[in-house]
Amino acid sequence: MAEAERPQLRRYEVPLRRLPGEFHGFTIAQLSDFHYDPVFSVTPIKAAVEMVNGLNADLVVLTGDFITTPLVDVAGIGAREAKQVAPCAELLSNIRCRNPLLAVLGNHDYAFDPEFVTRVLQSRGIKVLRNASHAVERNGARLWVAGVDDVLYKAARLDQTLKEIPATEATVLLCHEPDYADYSAKSPIDLQLSGHSHGGQIRLPLIGVPYLPQLARKYPWGMRQIGNTTLYTNCGIGTIRLAMRWNCPPEVTLFTLRAGDGSPRLL
């Protein structure tokens, strides 16, 4: 239980060939997979918010699963779980950032009432990108952040998401499911940030991860290169089914973007 309550900070330097020079040194903090529970996830979410506020990041992004869908919806359990988005959003609204707080929905958010989850998040100042994009501007230059709706629920519309973005301008894609990168990397996307896997949540010595969800089995955790797209899969903050983590602590990730070629590196 103790490991599940203590988020770890991972810092990466990420070169992007198309990044405008005005965004050299721009920082993005990523949080994912909160799975709000009034007992088990409040402590790590509060700790993650405090950690992010200490980073003074230029942008903070949230890559889905604010709530948890029950395995079997008996007596309206799912509807009650959906209402947990309000206290989760309240905690996350304490994040301080110079740019709008941006988010996408995850499969659990989408399972019951994505419109309700979206309304609650946006009422707390969290902008939800549902097959939409947002331009961050700095000294006349732009960095685009695009967000697709959930892939598992076949709601992602990448063409629609990218339609307002000039093909020559740098783009960060928020997508809950990491394995979508095999498809999204065919488009002009420089960096994809995902979650969904929880890093396996439990990582056993010699055996590895007993279970990974669909669309997080190929790229379950960490940094990958798929064509011209850099992918990072964050292992999340909360837990699901079992309120524990083993060899897989909650994570806050900070990316420092650099203009130019090269490979990402852990700082």
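Please treat every number below as a calculation from the coordinates, not as lab data. These numbers come from a predicted model, not from an experiment. Note that we place each Cβ from the backbone using ideal geometry, even for glycine, and neighbour counts take in every protein chain shown.
Only sites in a loop by DSSP and with at most 14 other Cβ atoms within 10 Å count here; which chymotrypsin sites (Phe, Trp or Tyr not before Pro) in segment 160-239 make the cut?
Sparse-neighbourhood loop chymotrypsin sites (Phe, Trp or Tyr not before Pro): Tyr211.
Restricting attention to the chain, close to 40% of DSSP beta bridges with both partner residues there are antiparallel.
In plain terms, the residue of Arg245, Arg98 with the fewest other Cβ atoms within 10 Å comes first and the most crowded comes last, giving Arg98, Arg245. By other beta-carbon atoms within 10 Å, ranking Thr118, Thr239, Thr233 with the fewest at the front produces Thr118, Thr239, Thr233.
About the Cα centre of segment 3-262, how large is the charge dipole given +1 on each Lys and Arg Cβ and -1 on each Asp and Glu Cβ? Please answer in debye to the nearest 20.
Numbers: 27 positive and 27 negative charges, 59 e Å.
The calculation lands at about 280 debye.
The local environment of Asn107, defined by Cβ-Cβ distances under 10 Å, has a net charge of -4 under the rule Lys, Arg +1 and Asp, Glu -1.
Among 2-10, 201-209, how do they line up from the highest to the lowest mean number of other beta-carbon atoms within 10 Å? Write down the numbers at each step before the final one.
Values: 2-10: 15.9, 201-209: 13.3.
In decreasing order of mean packing, 2-10, 201-209 become 2-10, 201-209.
Were the residues from Arg18 through Arg6 laid out at 0.36 nm apart, the gain over their Cα-Cα distance would be 0.8 nm.
Provide the net charge surrounding Thr161, with neighbours chosen by a C-beta distance below 15 Å and charges set as Lys +1, Arg +1, Asp -1, Glu -1.
Details: positive: Lys127, Arg130, Lys154, Arg157, Lys163, Lys186; negative: Asp149, Asp150, Asp159, Glu164, Glu169, Glu177, Asp190.
Result for the neighbourhood of Thr161: -1.
In segment 18-157, taking the dipole from charged Cβ atoms about the Cα centre, the farthest positive-side position among Asn139, Leu121, Ile95 is held by Asn139.
What number comes out for the charge environment of Thr256, summing +1 per Lys or Arg and -1 per Asp or Glu over other residues with Cβ under 14 Å away? Here the count lands on +2. Pairs of Lys residues in the chain, spaced 8 or more positions apart or belonging to different chains, with C-alpha separations under 22 angstrom: 10 in total.
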